[in-house]
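Inspection log for the structure reproduced underneath, given as C-alpha coordinates.
The values are calculated or read from the model by the stated rules, or taken from the named source; none is laboratory data. What you are looking at is a predicted structure, and each value in this text was computed from that prediction instead of being measured. Positions of Cβ are generated from backbone atoms using ideal geometry, with glycine treated the same way; all protein chains shown enter the neighbour counts. SASA here: full protein model, heavy atoms, side chains in, ligands and nucleic acids out. Shrake-Rupley method; radii C 1.70, N 1.55, O 1.52, S 1.80 Å.
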Amino acid sequence: MGGPILITSTKLGAAAYVDDRAVHHAGDWDATLDTVSRVIGLDRVGTVVPA
(Lines give C-alpha, C1' and ligand atoms only; values in the text may rest on other atoms or scores of the structure.)
Protein backbone atom coordinates (compact mmCIF):
# COMPACT_ATOMS: atom_id res chain seq x y z
CA MET A 1 0.00 0.00 0.00
CA GLY A 2 1.32 3.44 0.69
CA GLY A 3 0.29 7.02 0.87
CA PRO A 4 -0.51 9.26 3.78
CA ILE A 5 -2.71 8.30 6.69
CA LEU A 6 -4.39 11.29 8.30
CA ILE A 7 -5.53 11.37 11.91
CA THR A 8 -7.50 14.41 13.01
CA SER A 9 -10.31 15.51 15.29
CA THR A 10 -11.85 17.40 12.35
CA LYS A 11 -14.05 15.37 10.00
CA LEU A 12 -12.53 15.58 6.51
CA GLY A 13 -14.06 14.41 3.26
CA ALA A 14 -13.10 10.78 2.66
CA ALA A 15 -14.12 7.64 0.79
CA ALA A 16 -14.49 5.81 4.13
CA TYR A 17 -14.17 6.62 7.81
CA VAL A 18 -12.69 4.33 10.46
CA ASP A 19 -14.78 4.96 13.57
CA ASP A 20 -17.58 3.45 15.66
CA ARG A 21 -20.25 4.02 12.96
CA ALA A 22 -18.44 3.39 9.67
CA VAL A 23 -15.57 0.93 9.18
CA HIS A 24 -15.13 -0.68 12.59
CA HIS A 25 -11.58 -0.97 13.95
CA ALA A 26 -11.18 -3.74 16.53
CA GLY A 27 -7.45 -3.27 17.06
CA ASP A 28 -6.12 -5.12 14.01
CA TRP A 29 -4.95 -2.51 11.47
CA ASP A 30 -4.33 -5.13 8.76
CA ALA A 31 -7.96 -6.30 8.95
CA THR A 32 -9.23 -2.72 9.09
CA LEU A 33 -7.19 -1.67 6.04
CA ASP A 34 -8.40 -4.79 4.16
CA THR A 35 -11.99 -3.75 4.92
CA VAL A 36 -11.36 -0.15 3.81
CA SER A 37 -9.77 -1.43 0.58
CA ARG A 38 -12.92 -3.45 -0.18
CA VAL A 39 -15.26 -0.59 0.79
CA ILE A 40 -13.61 1.94 -1.53
CA GLY A 41 -12.92 -0.55 -4.34
CA LEU A 42 -9.14 -0.91 -4.12
CA ASP A 43 -9.61 -4.68 -4.25
CA ARG A 44 -10.91 -4.20 -7.81
CA VAL A 45 -8.01 -2.12 -9.17
CA GLY A 46 -7.51 -3.01 -12.80
CA THR A 47 -11.11 -4.18 -13.24
CA VAL A 48 -12.80 -2.58 -16.24
CA VAL A 49 -15.92 -0.65 -15.22
CA PRO A 50 -18.40 0.12 -18.03
CA ALA A 51 -18.97 3.84 -18.57
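Before moving on, here are some points about what is shown:
- The charge dipole of the chain, taken about its Cα centre with unit charges on the Cβ atoms of Lys, Arg (+1), Asp and Glu (-1) only, comes to about 240 debye.
- Helical contribution to [θ] at 222 nm, DSSP H n ≥ 4, -39,500 (n - 2.57), averaged over the chain, rounded to 500: -7500 deg cm²/dmol
- What the chain shows is 89 Å² of accessible area per residue, with the surface traced by a 1.4 Å probe over protein heavy atoms.
- Taking the C-alpha atoms of the chain, convex hull volume expressed per residue in Å³: 115
- Amide hydrogen proximity for H25: with H placed 1.01 Å from N in the peptide plane, the residues at 5 or more positions away or on another chain lying under 5 Å are D19.
- Between 0 and 90°, nearest 10: helix 29-40 axis offset from the chain longest Cα axis: 50
- Here the chain has 58 percent of its accessible surface on carbon and sulfur atoms, given a 1.4 Å probe and all protein chains in place.
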